Amino acid sequence: MESRAYAHALVDLLFDHVENVATRPVVEWTPARELRDLVRIDGTTRDPLALAQLVARYSIQLHHPSYMGHQVCPPILDAATTDLLISFLNQSTAVWEMSPIGTVIEKEIVRWLADRAGYPDTAEGTAVSGGSAANLTGLLAARARFDATKRPIVVVGADAHYSIARAAAMMGIPPADVLKVATDDAHRMDVAALEETLAAVEARGDAAVLAIVATSGSTATGAFDKLDEIALLRDRYRTWLHVDAAHGASVLLSDSLAHLVRGLEQSDSFSWDPHKMMWMPLSLGSILVRDGVWLRRAFEADAPYLFHAGSENLGEMTIQCSKRADAIKLWLVLQSRGTAPIVDAIERTAALTRYLYERIVASDDFEPVHEPALNILCFRRRGFDDEQTAALRERLLRSGKAWITTTVLRNERVLRVTMMNPRTTERDVDAMLNALRE
Ligand SMILES: Cc1ncc(COP(=O)(O)O)c(C=O)c1O
């Protein structure tokens, strides 16, 4: 098949696939061995469209209204189509001379995101691959300002994403120096316990807190830490506040939900993933640093063939050298459709999660583990132990009727839903609960 014909046919295939996705199972459950046989590279050449069809068929169908799984979204179609533009032109945005247009678009997106959060003009940032890279980058900026004569301690909430401990490990900070603060009844970092931890570190003398890491939209329960109270402690103990808002920062766009991140503007840095609650295809994360000097300081590099004084290079503020121009897809959506589709999706998925919570409260066979703050809810089947819960979830996935996850919360395995699809309806939510019952 000729390349242009393949491109046209592929776009049609994908739009048809998304439009008809509800007629498919959420996943066609297939053992890994069978999948491997299907993709074996054996020297024969095949029709590219047939190969694309194979990939589409065996994918987890994120566009399916019964997909309520992890925090990966069914992307806005215009953004997904724009990925083709990004790949075709292949602009590498770390270096200005390789992508003037990609660079200014990324800087425009960074400025737009920083403005939404109420950051000052000193703020800088970059697009990154996602929350994990953003968290590492935020901590590297914190270290650039840290008093290097002291032993660095990172203080996090007990439900912080694992990427924080991993970032600390990559920076040579051992697990014993990543101090976990207990969570309160609403699964937020307990502010009184945080203060005790900060005071204990200060009393040691040999160590100092490199950063407090708060979370806005925790992975397990979607809880939002009390940022304004935590910022006061940051001031009192003169340290850095990084907020992992990879999941939750997008509520800034919604008038009714923005209160969840009150105080974010006081942070020193934060992570915000448009590939989560802004419905961008993977990948597009971002890191914003209130005073961009520390971001630049963290990545000072000697590369005279690329970086020249006074230049616009994004590569002077990031880990990457080859750097995909992913900000273009968000820029194009914002410039052509505005924020309405994103705000609508945020508010719809939050309302549906509330609906699920109410259905569970009203039932005699399920119970919620917490109230949802946004679009994540953990719940349990009454009377089920950890093994039964894991088996229940697996049976549901195999049935193809719905896709949910599980996690361990305070030593108990529970069922977990992340409502990521704005096309999910109340009927789909009821059907998911009924499928679990069956
Ligand atoms: C709160 C939080 N932070 C960070 C991450 C990591 O983001 P990414 O998968 O984009 O690296 C996640 C992922 O689910 C998350 O929920």
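If a residue must be under 18 Å from Ala114 (Cβ atoms) and in contact with a helix residue (DSSP H, G or I) (Cβ under 7 Å, 6 or more places away or on another chain), how many such residues does region 277-296 contain? Summing the residues that are under 18 Å from Ala114 (Cβ atoms) and in contact with a helix residue (DSSP H, G or I) (Cβ under 7 Å, 6 or more places away or on another chain) in region 277-296 gives 12. Give me a count of the residues in region 106-116 that are touching a strand residue (DSSP E or B) at 6+ places or on another chain (Cβ under 7 Å) and surrounded by fewer than 23 Cβ atoms within 10 Å (Cβ to Cβ). Looking only at that region, the number is 0. Listed by first and then second residue, the pairs linking a residue in region 274-287 that is β-branched (Val, Ile, Thr) to a residue that is near the ligand (Cβ under 10 Å from one of its atoms), with Cβ atoms under 7 Å apart and 6 or more places separating them unless they lie on different chains, are Ile287/Val128; Ile287/Ala134; Ile287/Ser271.
If you scan region 264-302, which residues turn out to be farther than 22 Å from His70 by Cβ and within 16 Å of the ligand (Cβ to nearest atom)?
In the first step, residues of region 264-302 are kept if they are farther than 22 Å from His70 by Cβ; the result is 264-269, 288-302.
Once the filter is applied, which keeps residues that are farther than 22 Å from His70 by Cβ and within 16 Å of the ligand (Cβ to nearest atom), region 264-302 yields Leu264, Ser267, Ser269, Leu288.
Counting the residues of region 135-166 that are within 16 Å of the ligand (Cβ to nearest atom), among the small types (Gly, Ala, Ser) and either more than 19 Å from Val181 (Cα to Cα) or in contact with a Leu (Cβ under 9 Å, 6 or more places away or on another chain) (or both) gives 3.
Against the list (1) buried (at least 23 other Cβ atoms within 10 Å of the Cβ); (2) not assigned by TED's automatic domain parsing to the domain that holds Arg116, the condition Leu314 fails is (2).
Considering only residues in region 386-408 that are under 16 Å from Arg437 (Cβ atoms) and touching a Lys or Arg at 6+ places or on another chain (Cβ under 8 Å), the one that is surrounded by the fewest Cβ atoms within 10 Å (Cβ to Cβ) turns out to be Gln388. From the list Ala200, Ala231, the one residue that fits, being away from the ligand (no atom under 16 Å from the Cβ), in the same structural domain as Ala148 (by TED's automatic domain parsing) and without any contact (Cβ under 8 Å) to a residue 12 or more places away in the chain, is Ala200. The residues of region 371-391 that are assigned to a strand (DSSP E or B) and either of a type outside the set (A, V, I, L, M, F, W, C) or under 19 Å from Met277 (Cα atoms) (or both), listed by number, are Ile376, Leu377, Cys378, Arg380, Arg381. Residues in region 349-393 that are touching a strand residue (DSSP E or B) at 6+ places or on another chain (Cβ under 9 Å) and of a type in the set (Asp, Glu) were compared, and the one that is nearest to Val72 (Cα to Cα) is Glu371.
Would you call Lys323 within 18 Å of Ile105 (Cα to Cα) and either of a type in the set (Lys, Arg) or within 16 Å of the ligand (Cβ to nearest atom) (or both)?
The answer is yes for Lys323.
Scan region 93-114 and tell me whether some residue there is touching a residue at least 40 places away in the same chain (Cβ under 8 Å) and within 16 Å of the ligand (Cβ to nearest atom). Yes.
Counting only residues that are under 19 Å from the mean Cα position of the chain (by Cα) and buried (at least 16 other Cβ atoms within 10 Å of the Cβ), which one in region 51-69 is modelled with the lowest pLDDT? I'd like the intermediate steps shown before the answer.
Step one: list which residues in region 51-69 are under 19 Å from the mean Cα position of the chain (by Cα), which gives 60-63, 67-69.
Those still in the list that are buried (at least 16 other Cβ atoms within 10 Å of the Cβ) too: 61-63, 67-69.
Values: Gln61: 98, Leu62: 98, His63: 98, Tyr67: 98, Met68: 97, Gly69: 92.
So, considering only residues that are under 19 Å from the mean Cα position of the chain (by Cα) and buried (at least 16 other Cβ atoms within 10 Å of the Cβ), the one modelled with the lowest pLDDT is Gly69.
Taken over region 253-289, the criterion of being over 14 Å from Asp228 (Cβ atoms) and surrounded by fewer than 24 Cβ atoms within 10 Å (Cβ to Cβ) is satisfied by Leu253, Ser254, Asp255, Ser256, Leu257, Asp268, Pro281, Leu282, Ser283. Can you report the number of residues in region 295-345 which are acidic (Asp, Glu) and in contact (Cβ under 8 Å) with a residue 40 or more places away in the chain? Total meeting the criteria: 3.
Looking at region 118-162 only, could you name the residues that are among the hydroxyl-bearing types (Ser, Thr, Tyr) and surrounded by fewer than 20 Cβ atoms within 10 Å (Cβ to Cβ)? Correct list: Thr122, Ser129, Thr149, Tyr162.
Filtered by the rule that a residue be away from the ligand (no atom under 12 Å from the Cβ) and within 16 Å of Arg111 (Cβ to Cβ), region 248-263 gives Leu252, Leu253.
The values are calculated or read from the model by the stated rules, or taken from the named source; none is laboratory data. Nothing here was measured: the structure is a model prediction, and the numbers come from that model. Here the Cβ is made from the backbone with ideal geometry for all residues, glycine too, and neighbour counts use every protein chain on show.
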